[in-house]
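The values are calculated or read from the model by the stated rules, or taken from the named source; none is laboratory data. Fair warning: this is a prediction, and the values are worked out from it, not measured in the lab. For neighbour counting, all protein chains shown are included, and Cβ atoms are generated from backbone atoms with ideal geometry for every residue, glycine included. When the accessible area is computed, the model is the full protein with side chains, heavy atoms only, and any ligands, DNA or RNA have been set aside. Shrake-Rupley method; radii C 1.70, N 1.55, O 1.52, S 1.80 Å.
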Amino acid sequence: MGRTYRGVTVDQRRAERRERLLLAALAEFTSTGYRATKIADLCSRAGVSTRNFYEEFDGKEQVLLELHARINQLALDRVRAELADLADAGAPTRIGRLVDAFVGAVTTDPRLPRLNYVEAVGVSAALEAQHQEWVGRWADFIEAEAGRAAEDGLAPRRDYRLTAIAVVGAVTGLLREWQAHDPPYPVAAVAEEIKGMTLAAITRGAPGPRAH
């Protein structure tokens with residue numbers, strides 16, 4: 001058993017300190033801006049020393065990488081959880097519910113899309129590589145849903161890779177606009193736009209009803 005102080009282990013204290021630094025970084029990066037934020041600012045907001053910071057992170061960029069990945073993972077976990085109730089649902093229902101889950105996750109706090117789609121853009125090769133990895137993961141998800149719609153006869157059988165990547169880019173653009181717009185667009189309106197766009201992209205060129 002690890003050493004304890006006031007009933008808290010060393011590992012627990014480190015985990016709590018790391019979490020405070022991440023939350024401080026989310027606040028600073030989305031208000032002051034990533035490039036303008038100094039490590040001393042993060043430490044002051046989190047109530048830790050710079051020595052403590054470097055015990056947890058190599059530098060500011062590592063903090064941004066972790067936040068970027070965390071936000072994407074939060075959204076993906078919400079979407080995957082929704083799948084459990086959609087095994088027998090048709091494409092419109094599936095896409096509607098999955099979009100609601102995704103949008104609900106990333107709009108719980110306007111700082112989340114600001115960090116992912118504004119502050120993390122163009123920072124470094126490492127951030128760009130991680131961004132592209134997540135674009136690929138989201139495109140895989142959309143491509144699978146398009147394939148399912150094609151199997152159900154609601155969409156043509158074709159290669160959906162470029163369509164999926166285009167949808168990811170459009171969704172990113174909408175969320176960038178949502179977090180920047182004053183007053184904010186209604187979240188429900190953003191979700192409806194994504195649903196309609198996704199369905200239209202997937203079913204484009206789908207055969208109409210057969211003539212009798």
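One residue stands out in segment 66-107 among those that are farther than 20 Å from residue 153 by Cα and either part of a loop (DSSP other than H, G, I, E, B) or hydroxyl-bearing (Ser, Thr, Tyr) (or both): the one that is least open to solvent (accessible area, probe 1.4 Å), namely 107. Within the bounds of segment 45-54, is there any residue that is under 24 Å from residue 176 (Cβ atoms) and crowded, with 19+ Cβ neighbours inside 10 Å? Looking for residues that are under 24 Å from residue 176 (Cβ atoms) and crowded, with 19+ Cβ neighbours inside 10 Å, one finds none in segment 45-54, hence no. Reported count of residues in segment 113-165, each being of a type in the set (Asp, Glu), in a helix (DSSP H, G or I) and more than 18 Å from residue 195 (Cβ to Cβ), is 5.
Within segment 17-43, the residues that satisfy the criterion of being free of Cβ contacts under 8 Å to residues at least 12 places away in the same chain, more than 11 Å from residue 56 (Cβ to Cβ) and in a helix (DSSP H, G or I) are 31, 32, 40.
Number of residues in segment 108-141 that are touching a residue at least 24 places away in the same chain (Cβ under 8 Å), β-branched (Val, Ile, Thr) and either open to solvent by 30 Å² or more (accessible area, probe 1.4 Å) or closer than 13 Å to residue 64 by Cβ (or both) equals 2. Hey, among 83, 64, 76, which residue is closer than 18 Å to residue 175 by Cβ and in contact with a Lys or Arg (Cβ under 9 Å, 6 or more places away or on another chain)? Of 83, 64, 76, the one residue that is closer than 18 Å to residue 175 by Cβ and in contact with a Lys or Arg (Cβ under 9 Å, 6 or more places away or on another chain) is 76.
The C-beta contact set for segment 80-92 (first residue on the phi < 0 side of the Ramachandran plot, second residue surrounded by 12 or more Cβ atoms within 10 Å (Cβ to Cβ) and part of a loop (DSSP other than H, G, I, E, B), distance under 9 angstrom, 6+ apart or interchain) comprises 90/154; 91/154; 91/155; 92/154.
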